[in-house]
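Visitor: This is the structure I want to talk about, given as structure tokens.
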Amino acid sequence: MFRPSASVLTALLLAAGAGGIAHAESLSLRYGIAPGQSWSAVQTIVRETSLGGETRSDRGTARFSYRVAATQEPDRLLLDARMLSQSVGEEESPVDFASIAFRASTDRRGVMRGVRFELGDVDPPDLPGIEPDPVAFRQMLRRVAEAWIDSVYWLPELPERALAVGESFVIGDRDDVGGTEPGVRMEMVSKTTYTLRELSEGVARFDVAIRSSVEASTAQSAVESRRIAEGEADFDLELGMWTRHQTRSEHHAVFSGDPTGQGSASARTTTTIEMTRQGD
């Protein structure tokens, strides 16, 4: 998952000696976004899902924009994001999602705080399949925002210590939402490992490994899922940004209970995120 982890930034290279990147023994990654900057992101998901003996393939693309602003805290910045468009296959959604404002503050290590979304005032569009009731339309926008907020703020938290080639840093996440609703239990655990593979022409190239699981149950049903993913990520040391982040994952789930009975599902997914600074 991405928290985004979520959901744009610049790095400082601390190298031993005056030889620059070519002779660096270690580097310290730091996001370096500044007020007034604008960034854009394109996230593409290609998925093949197998369920009940049938296989389905689909491709989705989402485009986001980010603006950076100052906050009252000198070491933190506001990261304001909007979803510009969303498409499935070649068909783009006709709904304008720009009325959803995603907001969070961050520091130079990417520690996010106050991750949230706000809905602006917008009338339902006159489109087939869109509920004309303003209240129902806002509920739809809220569901979209809840589904995408982790993808918006996907940027990983950077390590405090410097890294040498071959060394790794790990991001772990555990979320237990049991008790938020009567009779509902859900535990999500994930571990993402970034291993610095090489430094090449001002880019730190990482291997990425992800292991995650979800266990959820109600009084009538239960789901257990496991995800294993591998990939690569490029951190541009001059821009201070993950310019490309790609993972290829296998996802297996087992479910039981009403109304579906017992069964299993699997999916293979390739997720690619590309970040670009605007105005350069």
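Visitor: If only one of Ser50, Ser28 is surrounded by 15 or more Cβ atoms within 10 Å (Cβ to Cβ), farther than 30 Å from Arg138 by Cα and at pLDDT below 95, which one is it?
Guide: Details: Ser50 fails: surrounded by 15 or more Cβ atoms within 10 Å (Cβ to Cβ).
Of the residues listed, the single one that is surrounded by 15 or more Cβ atoms within 10 Å (Cβ to Cβ), farther than 30 Å from Arg138 by Cα and at pLDDT below 95 is Ser28.
Visitor: Has the stretch 46-60 got any residue that is in contact with a Gly (Cβ under 9 Å, 6 or more places away or on another chain), in a strand (DSSP E or B), of a type in the set (Ser, Thr, Tyr) and within 30 Å of Val95 (Cβ to Cβ)? Talk me through it step by step, then tell me what you get.
Guide: Applying the first criterion (in contact with a Gly (Cβ under 9 Å, 6 or more places away or on another chain)) to the stretch 46-60 yields 46-47, 51-52, 58-60.
Imposing the further condition that a residue be in a strand (DSSP E or B) reduces the set to 46-47, 51, 58-60.
Among the residues that remain, those that are also of a type in the set (Ser, Thr, Tyr) are: none.
No, the stretch 46-60 contains no residue that is in contact with a Gly (Cβ under 9 Å, 6 or more places away or on another chain), in a strand (DSSP E or B), of a type in the set (Ser, Thr, Tyr) and within 30 Å of Val95 (Cβ to Cβ).
Visitor: Determine the pairs where a residue that is at pLDDT below 85, located within the stretch 80-106, has a partner that is part of a loop (DSSP other than H, G, I, E, B) and surrounded by fewer than 17 Cβ atoms within 10 Å (Cβ to Cβ) with Cβ atoms under 6 Å apart, the partner being 6 or more residues away or on another chain.
Guide: Listed by first residue and then by second, the contacts come to Pro94/Leu127.
Visitor: Quick check on Pro128: is it more than 21 Å from Ile273 (Cβ to Cβ) and touching a helix residue (DSSP H, G or I) at 6+ places or on another chain (Cβ under 6 Å)?
Guide: On the way: more than 21 Å from Ile273 (Cβ to Cβ): yes; touching a helix residue (DSSP H, G or I) at 6+ places or on another chain (Cβ under 6 Å): no.
Spelling it out, it is not the case that Pro128 is more than 21 Å from Ile273 (Cβ to Cβ) and touching a helix residue (DSSP H, G or I) at 6+ places or on another chain (Cβ under 6 Å).
Visitor: Related question: Based on what the data block shows, is Pro74 part of a loop (DSSP other than H, G, I, E, B), farther than 22 Å from Tyr31 by Cβ and more than 21 Å from the chain's Cα centre (by Cα)? So that I can check it myself, show each step before the final result.
Guide: Numbers: part of a loop (DSSP other than H, G, I, E, B): yes; farther than 22 Å from Tyr31 by Cβ: no; more than 21 Å from the chain's Cα centre (by Cα): yes.
Spelling it out, it is not the case that Pro74 is part of a loop (DSSP other than H, G, I, E, B), farther than 22 Å from Tyr31 by Cβ and more than 21 Å from the chain's Cα centre (by Cα).
Visitor: Another one. Look through Gly120, Gly110, Gly114, Gly129 and report the one residue that is closer than 27 Å to Thr271 by Cα and out of contact with any Phe, Trp or Tyr (no Cβ under 9 Å at 6 or more places or on another chain). Before the answer, list the steps.
Guide: On the way: Gly120 fails: closer than 27 Å to Thr271 by Cα; Gly110 fails: out of contact with any Phe, Trp or Tyr (no Cβ under 9 Å at 6 or more places or on another chain); Gly129 fails: closer than 27 Å to Thr271 by Cα.
It is Gly114.
Residues checked against (1) surrounded by 13 or more Cβ atoms within 10 Å (Cβ to Cβ); (2) among the β-branched types (Val, Ile, Thr); (3) part of a strand (DSSP E or B):
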position	(1), (2), (3)
Glu118	no, no, yes
Val135	no, yes, no
Glu146	no, no, no
Pro159	yes, no, no
Met186	yes, no, yes
Tyr194	yes, no, yes
Arg197	yes, no, yes
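The values are calculated or read from the model by the stated rules, or taken from the named source; none is laboratory data. Please read all numbers here as calculations on a predicted model, not as lab measurements. Ideal geometry is used to build each Cβ from the backbone, glycine not excepted, and the neighbour counts take in all protein chains shown.
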